[in-house]
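Let me begin by presenting the structure, written as C-alpha cells, before commenting on it.
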Amino acid sequence: VTYVSEDLQNQAIENFKDIDAKGIVVHNFVDVRKFSPSKSERDYTRKVLGISNNKVVVYHASNFRWVKNTQLIVEAAIELKKKNNHKNLIFLMLGDGPDKNELQQKVKDSDLEENFIFVGKQDNVVPFINASELGLLSSRKESFGLTILESMACGKAVIGSRVGGIPEVIEEGENGLLFTSEDSRSLADAILRLVENEKLRNEMGEKNRNKVLERFTKKQIIPRYLAIYEDKLLEEALAN
C-alpha cells in the first residue's frame, strides 16, 4: 500500500488494525515545466482580471465543499477589514461546488466584493497562480494538498491549515505559514504577515520553487513507484 502523506499512512494504520505492513509513503508530484513562474503570464492575467500591480493576490482553488472550509477565507477577510488591512488585498477564487453560492453571498453581505474575484472552474490554473503572490489552502482535512505544491512550483509563498499532510509540505516560517484550522483570526494573521512583508514572501517563493525541483518532480517520485512494483514482481518470481 502506498500513501501520499505520512498522515494518511498513520490514519490507515489506526483505522485498519489488520493491515499486515505499514506500507510506503510516496508524495505527490507536479509537472515543473507546466507549473513554473512567468512574469509575462502574471502581467497578462492581472490585466484581463483588472487587478492593479499594487494589489496582493491570494490564490485559492478547490471544489468548494465543506471539507475545503472556504467560509473561513471570507471570515479571515472580515477580520482584516475590521483593522482596515484589506484594501490592497484580492482573493482569487477558482473552482465550483455546493458552497460557492453561499460563499459569494457572504462576500456580498460583508461588503467585500472588491476583494474577491470568482473565476469558476478552470482547465488551466497556472495563469491564475502566476497572477498571485500567495497560495492558500484552508481545508479541514487534507491528505496532501496538491494545490499547495502547484503554487510552490510557481514560486509562490504558501499558507495552509495545520491538518493532514499539509505540514509535511509547508515548513512553518521557512517556505510558508501554517494556521490553526477553524480559527479565522489565525488565518488573518498569517495572511497579513505575508501581505506586509514582500521580502519574506519572495524569499519563501524562491525556496518553494527549489524545494519542488529537489523533492516533488516526476524524476524523484516515479522511480519510487517503479521500485515498489519491481520489488513486488521480484518477490513473486522468487516465490514461484
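The values are calculated or read from the model by the stated rules, or taken from the named source; none is laboratory data. As the structure is a prediction and not an experimental result, all values here were calculated from the model. Because the Cβ atoms are built from the backbone with ideal geometry, glycine has one as well, and the counts that use them run over all protein chains shown. Quick note on the areas: whole protein, heavy atoms, side chains included, nothing else; ligands and nucleic acids left out. Shrake-Rupley method; radii C 1.70, N 1.55, O 1.52, S 1.80 Å.
The condition (being modelled with pLDDT of 95 or more, open to solvent by 10 Å² or more (accessible area, probe 1.4 Å) and not polar (S, T, N, Q)) is satisfied by just one residue among E114, E182, E174: E114.
Taking the numbered list (1) small (G, A, S); (2) touching a strand residue (DSSP E or B) at 6+ places or on another chain (Cβ under 8 Å); (3) open to solvent by 50 Å² or more (accessible area, probe 1.4 Å) in turn, A239 passes all entries but (2). Please work out if V26 is under 30 Å from I228 (Cα atoms) and open to solvent by less than 30 Å² (accessible area, probe 1.4 Å). Judged against the criteria, V26 is a match. Checked against the criterion of being surrounded by 13 or more Cβ atoms within 10 Å (Cβ to Cβ), in contact with a strand residue (DSSP E or B) (Cβ under 6 Å, 6 or more places away or on another chain) and not aliphatic (A, V, I, L, M), the candidates G205, G164 yield just one match: G205. Only one entry in F35, F91 is farther than 20 Å from R193 by Cβ, crowded, with 18+ Cβ neighbours inside 10 Å and not polar (S, T, N, Q), namely F35. State whether the residues of segment 12-29 include one that is assigned to a helix (DSSP H, G or I) and touching a Phe, Trp or Tyr at 6+ places or on another chain (Cβ under 9 Å). Within segment 12-29 (the criterion being assigned to a helix (DSSP H, G or I) and touching a Phe, Trp or Tyr at 6+ places or on another chain (Cβ under 9 Å)), the answer is yes, since at least one residue qualifies. Among the criteria (1) in a loop (DSSP other than H, G, I, E, B); (2) closer than 24 Å to V125 by Cβ; (3) open to solvent by 30 Å² or more (accessible area, probe 1.4 Å), the one S40 does not fulfil is (1). If the condition is being among the charged types (D, E, K, R), open to solvent by less than 60 Å² (accessible area, probe 1.4 Å) and free of Cβ contacts under 8 Å to residues at least 60 places away in the same chain, then segment 208-236 contributes only K211.
Residues that are within 22 Å of R193 (Cβ to Cβ), open to solvent by less than 30 Å² (accessible area, probe 1.4 Å), of a type in the set (V, I, T) and in a helix (DSSP H, G or I) do not occur anywhere in segment 57-68.
Residues that are among the small types (G, A, S) and in contact (Cβ under 8 Å) with a residue 40 or more places away in the chain were ranked within segment 64-116; the one that is farthest from T45 (Cα to Cα) is A76. Can you tell which of L92, L72 is not in a helix (DSSP H, G or I) and not acidic (D, E)? Checking each option against the conditions leaves just L92.
Looking only at segment 146-157, decide whether some residue is among the acidic types (D, E) and under 23 Å from I73 (Cβ atoms). There is at least one residue in segment 146-157 that is among the acidic types (D, E) and under 23 Å from I73 (Cβ atoms).
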